[in-house]
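Report on the following structure.
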Amino acid sequence: MTTPDDLDLAAQQSTALGALDAADSSEALEAFYRAWLAPSGVTTRLKRGIGRLPAEQRAAFGKDVNALHTELESRFHQRREVIKTRELAARIAAEARDVTLPSRPRPAGAYHPVTLVMREVLDVFQRMGFSVFESPHVETDDYNFGLLNMPADHPARDMQDTFYLDGERLLRTHTSAGQIRAMRELGASGTKPVRVVLPGLCYRNENITTRSEIQFHQVEGLLVGRSVRMSDLKGVLLQYARLLFGPEQRVRLRGSYFPFTEPSVEVDIRCTLCAGNGCRVCKQTGWLELLGAGMVHPVVLANGGYDPAEWRGFAFGMGIERTVLQRYDIHDIRYLFGNDLRLLQQFR
Ligand code: DAH
């Protein structure tokens with residue numbers, strides 16, 4: 001039997017099987033398929049070669065070519081399974097995650113105790129119709145002192161030494177500085193009533209001790225209207241004390257002095273620890289100092305744009321840290337600004 005070289009099926013078969021064995025990736029297998037089994041591949045070409053054979057060899061050759069094609073095809077599929085399995089195993093190994101590792105801790109944040117108390121205080125006043133008014137920490141001498149009836153030589157300034165940034169600007173010593181801003185911004189040139197609370201940090205140049213810091217939080221209140229009276233002030237503060245410290249709370253007003261109020265009072269609440277019986281916290285008096293307050297001084301009303309003959313107001317200002325220390329039984333105010341996680345984590 002004469003067969004042209006490329007029609008030597010035994011040789012073709014051994015070349016093909018060699019190529020298949022050598023194909024060790026999906027890409028190489030693809031290439032094998034294209035070379036041997038695809039319509040443009042060797043087996044198709046062999047079938048086309050049938051015509052060049054003597055007639056009596058054609059039937060047998062055709063059968064052998066078909067057999068070769070079938071064999072290569074089934075070997076190809078087997079090989080493909082092997083490669084697929086191997087490649088999958090390799091991928092799984094490469095992408096493996098060790099799920100037995102403990103997960104990373106997700107630290108939960110916490111509100112600072114000052115923030116907690118501050119929010120409660122603001123919430124109580126908001127329930128009474130006060131809105132929150134923010135004013136700058138860097139103030140002018142005028143807003144912090146002058147317009148609040150404390151001219152340059154006023155002795156009350158001695159109690160509030162502050163940090164000056166230059167001749168005119170300073171860090172506010174109290175939230176009262178925002179009173180003038182609130183009246184000027186919300187009062188529409190003295191024609192509209194104002195009912196705001198002003199929260200935030202204040203600063204004083206003081207010795208740092210267990211009881212005092214150079215920074216602390218205050219909440220100021222200001223209500224201006226046409227017929228505001230001292231009894232309104234007392235009613236609001238009593239309601240505040242009861243909403244924050246319980247329905248049995250009592251308040252006490254003592255005469256006092258502030259340059260920006262007339263008359264002025266100091267307001268105490270029944271000691272929240274001993275209910276008035278006398279203890280270490282209230283120094284056996286049964287009362288705790290809560291805040292300073294009074295009727296807005298006519299000069300201050302005028303500086304805010306109001307005609308003091310027609311408008312009146314009351315104001316109050318309280319420190320927040322003192323309540324925080326009492327509430328959580330913290331004995332040193334410095335802890336509140338120390339950023340020590342051992343303290344902060346207790347509020348999670
Ligand atoms: N600003 C005062 C202080 O820091 C507190 C204060 C007293 C505020 C009386 C007021 C007030 O609004 O009427 O010591």
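Scan region 229-252 for residues that are surrounded by fewer than 18 Cβ atoms within 10 Å (Cβ to Cβ) and among the aliphatic types (A, V, I, L, M) and jot them down.
M230, L238, L243
Examine region 157-172 for a residue that is modelled with pLDDT of 95 or more, surrounded by 18 or more Cβ atoms within 10 Å (Cβ to Cβ) and under 20 Å from G292 (Cα atoms), and state whether such a residue exists.
Yes.
Can you tell me which residue is farthest from the chain's Cα centre (by Cα) among those in region 87-115 that are surrounded by 10 or more Cβ atoms within 10 Å (Cβ to Cβ) and touching a residue at least 12 places away in the same chain (Cβ under 8 Å)?
E87
Do we find a residue being of a type in the set (G, A, S) and over 17 Å from A10 (Cα atoms) anywhere in region 60-73?
So far as region 60-73 goes, no, none of its residues is of a type in the set (G, A, S) and over 17 Å from A10 (Cα atoms).
Conditions tested, residue by residue: (1) within 14 Å of the ligand (Cβ to nearest atom); (2) without any contact (Cβ under 8 Å) to a residue 40 or more places away in the chain; (3) over 39 Å from the mean Cα position of the chain (by Cα).
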position	(1), (2), (3)
A275	no, yes, no
C279	no, yes, yes
G286	no, yes, yes
T323	no, no, no
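Residues are listed down the side, and each one gets a yes or a no for (1) at pLDDT 90 or above; (2) surrounded by 15 or more Cβ atoms within 10 Å (Cβ to Cβ); (3) not in a helix (DSSP H, G or I):
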site: L29; (1), (2), (3): yes, yes, no
site: F32; (1), (2), (3): yes, yes, no
site: A38; (1), (2), (3): yes, no, yes
site: G62; (1), (2), (3): yes, no, no
site: V65; (1), (2), (3): yes, yes, no
site: L68; (1), (2), (3): yes, yes, no
site: E71; (1), (2), (3): yes, no, no
site: F76; (1), (2), (3): yes, yes, no
site: E81; (1), (2), (3): yes, no, no
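May I ask you to list the residues in region 195-219 that are crowded, with 18+ Cβ neighbours inside 10 Å and polar (S, T, N, Q)?
Result: Q218, single match.
Considering only region 217-241, state which residues are within 12 Å of the ligand (Cβ to nearest atom) and either assigned to a loop (DSSP other than H, G, I, E, B) or small (G, A, S) (or both).
Selection gives G221 alone.
Kindly provide the set of residues from region 252-273 that are away from the ligand (no atom under 15 Å from the Cβ) and either in contact with a strand residue (DSSP E or B) (Cβ under 8 Å, 6 or more places away or on another chain) or free of Cβ contacts under 8 Å to residues at least 40 places away in the same chain (or both), ordered by number.
Within region 252-273, R252, I269, R270, C271, T272 qualify.
Could you check region 47-103 and list, in sequence order, the residues that are within 20 Å of S26 (Cα to Cα) and among the charged types (D, E, K, R)?
Correct list: E71, E73, R75, R79, R80, E81, K84, R86, E87, R91, E95.
Which of the residues spanning region 276-302 are within 30 Å of A182 (Cβ to Cβ) and out of contact with any Lys or Arg (no Cβ under 8 Å at 6 or more places or on another chain)?
Passing the criteria: L290, L291, G292, A293, G294, H297, P298, V299, V300, A302.
Six or more apart or on different chains, Cβ under 6 Å: which pairs go from a residue in region 146-158 that's closer than 17 Å to G178 by Cα and in contact (Cβ under 8 Å) with a residue 24 or more places away in the chain to one that's in a loop (DSSP other than H, G, I, E, B) and not aliphatic (A, V, I, L, M)? Could you list them?
Pairs found: L148/S176; L148/F260; N149/P259; N149/F260; N149/H297; M150/P259.
Which one of these does L244 not meet: (1) more than 13 Å from the ligand (Cβ to nearest atom); (2) assigned to a loop (DSSP other than H, G, I, E, B); (3) in contact with a Ser or Thr (Cβ under 9 Å, 6 or more places away or on another chain)?
Of the numbered conditions (1) more than 13 Å from the ligand (Cβ to nearest atom); (2) assigned to a loop (DSSP other than H, G, I, E, B); (3) in contact with a Ser or Thr (Cβ under 9 Å, 6 or more places away or on another chain), the odd one out for L244 is (2).
The values are calculated or read from the model by the stated rules, or taken from the named source; none is laboratory data. Worth saying up front: this structure is predicted, and the values here are computed from it rather than measured. Positions of Cβ are backbone-derived with ideal geometry, glycine not excepted, and every protein chain shown enters the neighbour counts.
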